[in-house]
1. So residue 52 fits all but one of (1) open to solvent by less than 10 Å² (accessible area, probe 1.4 Å); (2) assigned to a helix (DSSP H, G or I); what number is the exception?
2. Looking at the stretch 464-479, is at least one residue open to solvent by 80 Å² or more (accessible area, probe 1.4 Å), in contact (Cβ under 8 Å) with a residue 24 or more places away in the chain and farther than 22 Å from residue 544 by Cβ?
3. Filter the stretch 520-530 for residues that are part of a loop (DSSP other than H, G, I, E, B) and either of a type in the set (A, V, I, L, M, F, W, C) or at negative phi (or both); which is surrounded by the most Cβ atoms within 10 Å (Cβ to Cβ)?
4. Name the residues in the stretch 108-128 that are free of Cβ contacts under 8 Å to residues at least 60 places away in the same chain, open to solvent by less than 40 Å² (accessible area, probe 1.4 Å) and touching a Lys or Arg at 6+ places or on another chain (Cβ under 9 Å), would you?
5. Considering (1) in a helix (DSSP H, G or I); (2) touching a strand residue (DSSP E or B) at 6+ places or on another chain (Cβ under 6 Å); (3) open to solvent by 10 Å² or more (accessible area, probe 1.4 Å), say which one residue 166 fails and leave the rest.
6. Please determine whether any residue of the stretch 41-49 is under 43 Å from the mean Cα position of the chain (by Cα), modelled with pLDDT under 90 and more than 30 Å from residue 347 (Cα to Cα).
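The values are calculated or read from the model by the stated rules, or taken from the named source; none is laboratory data. Model, not experiment: these values are computed from the prediction. Every residue, glycine as well, gets a Cβ built from its backbone with ideal geometry; the counts of neighbours run over all protein chains shown. Surface accessibility is based on the protein's heavy atoms, side chains included, excluding ligands, DNA and RNA. Shrake-Rupley method; radii C 1.70, N 1.55, O 1.52, S 1.80 Å.
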Amino acid sequence: TFLQNQVVFLNSMVDRITSQRSPEESQVPKCEPCPSKAFVVLDPSGDLPVALSSSPSMKSTYGVVVRSSSTELQGDIALKLRIANGTHTAIAHTLALCSYPMTDTLSTSSPPGILSREYLESLVQGQILKAASPHYGSQEALDTWQDWKSRLEHPHFGLSSFFITQNGPSKGGIRLGPTVQDLLTMDKEEVSVSMAFAFAALLRWLTPHKNHTNSHGGVYRGWLDGFAPTVAVSSSDNDSDDNTQEYADGLRYNLTQGWYEFRCACRIGQDEQVLSKVLQEVAFSSSTTTPPQPSAYLSVIRDYLLLQDGGGNISPGNNHTKFESFVAAIATLYARMVAGDGVQSLLQELNDTGTLKEDCSILIDGPLHKNNISVPSSLSYLFYRPHCAIPSTSQLMKGVLLTPETIQSVVYAEVSSAETIDVHTHLLPPSHGGMLCLWGIDELLTYHYLVAEYFMTAPSTVLPEEFYAMSKQDQANLIWQALFVDRSPLSEACRGVITTLQAFGLEVEIQNRDLESIRTFYQTFRSKGLEGTEEFTEMVYRKAGVKYAIMTNIPFDSNEAQHWRPQRKEYPHRYRSALRVDPLLAGDQETVEISLKASGYDTTLEGARQYLRDWCDTMKPEYMMASTPHNFVLKEGSLSNVVQKTGVNEDVMKEPFAFVTGTTSGGGGGVSG
């Protein structure tokens, strides 16, 4: 009765870390500053004293937070698991593999400390907070990270990185799995390389070295970064070595000899084989010295992530493409780690190139496959990636056997990361103004290919004169309705629009056929004026993998000439010029003479020559070009006074020139995205 009437057992969460000092001071633990949520207690019935539950100083001084609903407490616990525990799990395996035994490395200004903090910042900002905020509030999630970040960087906070690695398979699912699960189902978010790296490092930790044959009591032995995967195997080896340290119940490591011990009871697949044994078998069973390529690991990684009890705890649902991209990215990173690419150097590479924040698809080594069946996705085809998934310096590229599988992977990786040059476009730079630099969804939809396709389907009552009298937006509305809503966009021109919008992450807007939302996306750039146009242009070139495009520049067009003279406008390096001289070859004497007179040149043949020479000095063109009407004929003997020799003029052939017959040039600028 006393207990029932006088004692209340309240659910709570305690979060306070004390770490051991050196052996000489082991009786006095290190103690971090008081966290903002050192003790969270659930008091739904108001049983706690008012001084405890309502006093602001209880939280600011002692970190005591009182919650009135179980939902609030569950939110605190979830944020702790996702942010605090999640980042601990994400970085602990990397630190331990790189022989940093304590997490207080994060509090230092050393290169590993800086790199680790930058990695966690990318993981949290790009993944964990985005997934947690819809559930628990963006400010609450951010506050939790800021508090935890200050603790991680405090010198008295450090724990054994080896100790944190315990129960890695289940921790990956409990601490990181919920974030991945949410990101898979979010339309506007992707699972990034930073998350793939966390799982790759976890699996690398759980991989026994090459010579390990039997586990003793479920204990396996792995190899540290920088050592060969052939270190001592017997669990009784070197027990007397002073460098052998015990970090948990019966688990040890030796930084000098490059080995560590771990437990793994996670069983995967229909055969329920131990995860670590499967990883070891795939990594080292080959009779050759060729390291297994990423595709060899897809099945085991997929099985682990899908395992609900003690595994990755991920259910992809209908998001198969995003999930398979995540699997493939982990496989690429894991394969590189096992092959000998240093874990720390790999992380540095990903950080320096900005790859950590990128979508996982950037690391796919070949078309997406599941159970040897191609995944029906745009990702199954070649698409540009700014960085090769496996650079030529990787150990994975050493002694690769030319099998059909590896050939496909290598070709896919190399070609997809190669920049291209567009040698002929009608694009003009932002500096040339809105009349010449055409871009946006309305410009895409009213491109002449789509206009022609529209008139193939348009009612006979729609006359071309009436169509062209409409505003550009009204024209775009008609084409969108006719070709993208009333019909499936199957033509090459339509698919080009869809591909562009997909590259901008507008899949939901496409599915909903929401043209206004697509316009809103473009407006975010237009609202910034010239700066926004340049920002958009750079994004297009970067996503397309185009190093630069060669423009079509016409010195006889006064609308364009004003942007070159009297003062040439600067434009981004993404654009290069080409000199177009159609009026000269088409015999358009009026246009030529008007241009010569306006610029102060004699209306003579020599004046025209000098006009072109000077424009070459101004534009610095890559080549000269011309388009002529279908009936263009160069009369025999018309060059008799100029040509003095017969045969092929090899010197002239070395000069860049593009000559297209049977076409009529069009005016205006090209369309960029």
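1. (1)
2. Kept after step one, since they are open to solvent by 80 Å² or more (accessible area, probe 1.4 Å), are these residues of the stretch 464-479: 465-466, 468-469, 472-473.
Checking the rest, the ones that are also in contact (Cβ under 8 Å) with a residue 24 or more places away in the chain come to 472-473.
From what's left, farther than 22 Å from residue 544 by Cβ: 472-473.
Yes: one or more hits.
3. Result: 528.
4. 120, 124, 128 - these are the residues of the stretch 108-128 that are free of Cβ contacts under 8 Å to residues at least 60 places away in the same chain, open to solvent by less than 40 Å² (accessible area, probe 1.4 Å) and touching a Lys or Arg at 6+ places or on another chain (Cβ under 9 Å).
5. (1)
6. No.
A quick yes/no check of all residues on (1) under 20 Å from residue 100 (Cβ atoms); (2) open to solvent by less than 40 Å² (accessible area, probe 1.4 Å); (3) modelled with pLDDT of 95 or more:
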{"site": "293", "(1), (2), (3)": "no, yes, no"}
{"site": "296", "(1), (2), (3)": "no, no, no"}
{"site": "300", "(1), (2), (3)": "no, yes, yes"}
{"site": "310", "(1), (2), (3)": "no, yes, no"}
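Residues checked against (1) of a type outside the set (Ser, Thr, Tyr); (2) touching a residue at least 12 places away in the same chain (Cβ under 8 Å); (3) within 26 Å of residue 429 (Cα to Cα); (4) part of a helix (DSSP H, G or I):
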| residue | (1), (2), (3), (4) |
| --- | --- |
| 591 | no, yes, yes, yes |
| 596 | yes, yes, yes, yes |
| 600 | yes, no, no, no |
| 603 | no, no, no, no |
| 608 | yes, yes, no, yes |
| 616 | yes, yes, yes, yes |
| 622 | yes, yes, yes, no |
| 630 | yes, yes, no, no |
| 635 | yes, no, no, no |
